[in-house]
1. Which three extents, in whole angstrom, do the alpha-carbon atoms of segment 154-193 cover along their principal axes, largest first?
2. For n ≥ 4 DSSP H runs only, could you compute -39500 (n - 2.57) per run for the chain, divide by its residues and tell me the 222 nm figure to the nearest 500?
3. Under 1.5 on a/c is rounded, so check that first for segment 5-65, then, if it is not, pick prolate when a/b is larger than b/c and oblate when it is not; a ≥ b ≥ c are the square roots of the alpha carbon gyration tensor eigenvalues.
4. Taking the square root of 5 times each eigenvalue of the Cα gyration tensor, what semi-axes in Å does the equivalent ellipsoid of segment 41-102 have, largest first?
5. Quick one: give the max-minus-min coordinate of the C-alpha atoms of the chain along each principal axis, largest first, in Å.
6. Taking the Cα-to-Cβ direction at Glu73 and at Leu30 and moving 7 Å from each Cα, how far apart do the two end points lie in nm?
7. Over all alpha-carbon pairs in segment 28-139, figure out the percentage whose distance exceeds 19 Å.
8. Quick check: with the 1.4 Å probe, what order do Trp125, Trp14 take by accessible area, largest first?
Amino acid sequence: MILRASFPIGLGTWLAQLVTNFPLLALGILLTATDVGNYSAAFKIVFFSLIVDRIFMYVFYPIIIKTYNESLEKLQATLSFSIKIIITLLLPLCAGVSVLAPSLIHFIFGDGYEGAVPLLRIAIWFVLFSTMHSIFSFGLIGTGKEKIFSHTMIFTVVIQMMLCVIGIVLFDAIGAPLGVVAGEIISVGIIAL
């Protein structure tokens, strides 16, 4: 019973990890080891920035359950307020990292990773959209709609992987973060419905 109930959430989590690691595999197959290294360097900063997402979710999930039990209107107001908080906090962070990308890459990784700068300038926006995606995902999970969550994840992961490959084929290494971010924007749009 517990395994059956948790399967959609486990599947969604596995798919999220798949889409996170897929660009490295695609870059390794389609381009060079240098491109993989630059992408990896850029995404180390992105993954570190996702701490905001994880902290927010640990705080936010109990509030979803509480407001859902009170009323659907309160839940909708909570989701709306949470999105406003995330945009207010993460928009300046993402813009700042985009502007400071050359200095950040050089400070953290030193010489030889200049190719990671344009990748980071795009990839950092994944943090904003991933956090928004998390809010809506936890909204679905917290309201007992795990199957909708897992079906949405399957569909959007396929889209994200396709966009990543298409981006790499059309634009070389910079196409990987373009595909990942575009896919996450689409994912937010779908899951928010």
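The values are calculated or read from the model by the stated rules, or taken from the named source; none is laboratory data. Predicted model, so just to flag it, every value in this text is computed and none were measured. Cβ coordinates were reconstructed from backbone atoms using ideal geometry, including for glycine residues, and neighbour counts include every protein chain displayed. Only protein heavy atoms, including side chains, enter the accessible area calculation; ligands, DNA and RNA are left aside. Shrake-Rupley method; radii C 1.70, N 1.55, O 1.52, S 1.80 Å.
1. 32, 14, 9
2. Value at 222 nm, helices only, nearest 500: -31500 deg cm²/dmol.
3. In terms of gyration-tensor shape, oblate.
4. 30, 13, 6
5. Ordered largest first, the chain gives principal extents of 54, 32, 25 Å.
6. So the two model labels end up 4.9 nm from each other.
7. Beyond 19 Å sits 52 percent of the P(r) for segment 28-139.
8. Largest accessible area first, the list is Trp14, Trp125.
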